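I have placed the structure first, in the form of structure tokens, so that the comments after it can refer back to it.
We did not get these values from a lab; they are worked out from the coordinates using the rules stated. None of these values were measured; they are calculated from a predicted model. We place every Cβ from the backbone using ideal geometry, glycine too, and count neighbours over all the protein chains shown.
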Amino acid sequence: MKDLKVVFMGTPDFSVNVLHHLIAQTNVIGVVTKPDKLVGRKQVLTQSPVKKVALENGIQVIQPIKIREEYQNILDLNPDVIITCAYGQFLPKEILDYPKYGCINVHASLLPKLRGGAPIHKAIIYGYPTTGITIMYMGQKMDNGDIISQKSIAIEETDNVGTLHDKLSILGADLLMETLPAIISGQSNQIVQNEEEVTFAYNISREEEHIDFNKTKIEVFNQIRGLNPWPVANTILDEEEIKIYEAVIGEDLYAEQANGEIVKLYKDGIGVKVSDGEIILKTIKPAGKKKMSAKDYVNGWKEKNNLIGKVFR
């Protein structure tokens with residue numbers, strides 16, 4: 001496939017494995033990614049991970065602010081196929097209709113489940129036992145194109161969004177390279193998505209980051225690991241925001257306590273009442289401080305017992 005002219009569109013770390021595979025096995029003639037952005041407190045102008053890889057390999061980079069209005073220079077590259085992976089903008093019909101092999105997307109869910117920008121987070125938050133990768137033709141609506149191939153992966157209880165992200169990034173690159181020859185030869189099978197089975201995984205909102213201790217143990221557990229290591233679940237204690245990175249499921253006790261109440265201090269955790277028992281917070285980050293173990297946080301209190309009965313909200 002070394003003579004296959006590819007334009008690749010992607011932005012975050014998740015896209016990098018796909019780009020590396022394409023560079024190794026095809027002729028990547030251009031990379032389209034989001035514009036550089038200001039990052040952090042010092043507002044440092046930062047390139048996307050995909051742009052860095054493209055420049056390291058001497059590949060032309062195009063960074064339209066609005067691709068629906070700025071696409072002619074992409075068409076001028078005359079690609080045989082356009083491949084996208086977490087690019088972040090909807091493509092206009094002029095691009096979708098241009099390449100002879102179409103516009104192919106690598107999506108991190110088993111479509112039609114979890115269309116949208118946060119399928120890895122939401123697969124964990126919603127408690128899915130499995131997720132996977134879908135290779136699909138792009139349509140004019142969000143992730144609604146025909147399915148070409150899929151491969152599933154189990155979501156382990158030890159997974160968080162970071163570990164699952166890395167697994168799916170590898171799986172996505174491998175499945176794309178397995179699928180491309182059939183696309184090029186015209187032997188790929190297209191499956192129209194069943195609209196009755198569609199679910200959505202919109203980008204995480206600020207409200208979704210906040211823990212609702214009125215939920216069940218498994219719901220709170222899945223929320224915490226589904227937001228770790230980014231953007232991270234949070235709660236409030238004594239008017240201070242605390243980020244929660246890790247937790248484990250606790251006992252089916254404490255029926256009389258209020259949801260969100262600290263009910264027990266363990267050697268390595270803080271037991272908090274939820275609707276059907278207890279969730280044990282293990283790794284946290286108080287505002288203005290470094291990430292720490294719950295043990296270190298508790299040891300920082302002069303009177304540890306004063307924590308018992310306090311309520312997260």
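Brief remarks on what is shown
- Loop-resident sites, the range 1-101, for GluC sites (Glu not before Pro), counting at most 15 other Cβ within 10 Å (DSSP): GLU69, GLU70
- Fewest-first ranking of THR283, THR216, THR130, using other Cβ atoms within 10 Å as the exposure measure: THR130, THR216, THR283
- Under 19 Å from the Cα of LYS2 - lysines, other chains or at least 8 residues apart: LYS100
- Total formal charge among the other residues, if their Cβ is under 14 angstrom from that of LYS291, Lys/Arg +1 and Asp/Glu -1: +3
- Most positive-pole-ward Cα, VAL272, ASN214, GLN43, against dipole of the chain from beta carbon charges: GLN43
- In the chain, taking the dipole from charged Cβ atoms about the Cα centre, the farthest positive-side position among GLN257, VAL192, TYR245 is held by TYR245.
- Taking a sphere under 10 Å around the Cβ of ARG68 and counting the other residues whose Cβ falls inside, with K and R at +1 and D and E at -1, yields a net charge of -1.
- GluC sites (Glu not before Pro) within the range 113-193: DSSP coil, no more than 15 neighbouring Cβ in 10 Å: GLU156, GLU157
- Going from the fewest other Cβ atoms within 10 Å to the most, the residues LEU265, LEU281 appear in the order LEU265, LEU281.
- Cβ-defined net charge surrounding ILE95, 14 Å radius [Lys, Arg +1; Asp, Glu -1]: -2
- Of the DSSP H helices in the chain, those whose Cα atoms cover at least 15 Å axially and whose Kyte score averages 0.0 or more: 161-185
- By the count of neighbouring beta-carbon atoms within 10 Å, fewest first, HIS107, HIS20, HIS165 end up ordered HIS20, HIS165, HIS107.
- Computed [θ] at 222 nm, deg cm²/dmol, the chain (DSSP H ≥ 4; -39,500 (n - 2.57); rounded to nearest 500): -7000 deg cm²/dmol
- The relative contact order of the range 155-313 comes to 20 percent, based on Cα pairs under 8 Å that sit 6 or more residues apart.
- Pairs from LYS34/LYS291; LYS37/LYS66; LYS243/LYS264; LYS167/LYS215; LYS167/LYS282 whose Cα-Cα separation, in the structure shown, is over 21 Å: LYS34/LYS291; LYS167/LYS215; LYS167/LYS282
- The chain - Rg over Rh from alpha carbon coordinates, Kirkwood radius: 1.06
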